[in-house]
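Report on the structure given below.
FYI, it's all coordinate maths here, none of it is from the lab. Computed from a prediction, not measured in an experiment: that's the story for all the values here. Cβ coordinates were reconstructed from backbone atoms using ideal geometry, including for glycine residues, and neighbour counts include every protein chain displayed.
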Amino acid sequence: MNRSLIAMTSITYAMKAKNLLNSRGMRCEIMRTPRSFSTGCGYSIRIWDDVSQVLGILEAAGIPYKDYTELKD
């Protein structure tokens, strides 16, 4: 299963991203950003869908993010 972590610029944008993605039927959750991927505000969203599709949705909605990484199982 593909999982990715998207570092957000603020907890507010993390919550907006989660609500937007969940409303589109995409699985995502807010979590603290691991120290190994320390960037952004300290909060990230973990997703289980295609990261390029999710990033496109966030960009179209004007929700900024810092960076993203693929998570290993």
Rounded to whole Hz, the Karplus (6.51, -1.76, 1.60) HN-Hα couplings of segment 14-20, x for glycine and proline: 4, 5, 5, 4, 4, 4, 5
Extreme residue, positive dipole direction of the chain, given options 25, 10, 47 (C-beta unit charges): 10
Cα-centre dipole for the chain with unit charges at Cβ (Lys and Arg positive, Asp and Glu negative), debye to 20: 260 debye
For the chain, alpha-carbon Rg relative to the globular expectation (2.2 N^0.38 Å, N residues): 0.96
Theoretical gain in end-to-end length, residue 22 to residue 50 [0.36 nm per residue, Cα-Cα removed]: 8.7 nm
Simple label model, 7 Å out from Cα along Cβ direction - residue 12 to residue 66, nm: 1.7 nm
Segment 56-67 - phi-based ³J(HN,Hα) in whole Hz, Karplus 6.51/-1.76/1.60, Gly and Pro as x: x, 5, 4, 5, 5, 8, x, 9, x, 9, 8, 7
Burial order of peptide ranges 57-65, 23-31, 43-51 (average beta-carbon count within 10 Å, highest first): 43-51, 57-65, 23-31
Spatially proximal aspartates and glutamates relative to residue 16 (Cα-Cα < 14 Å; intrachain offsets below 8 disregarded): 29, 59
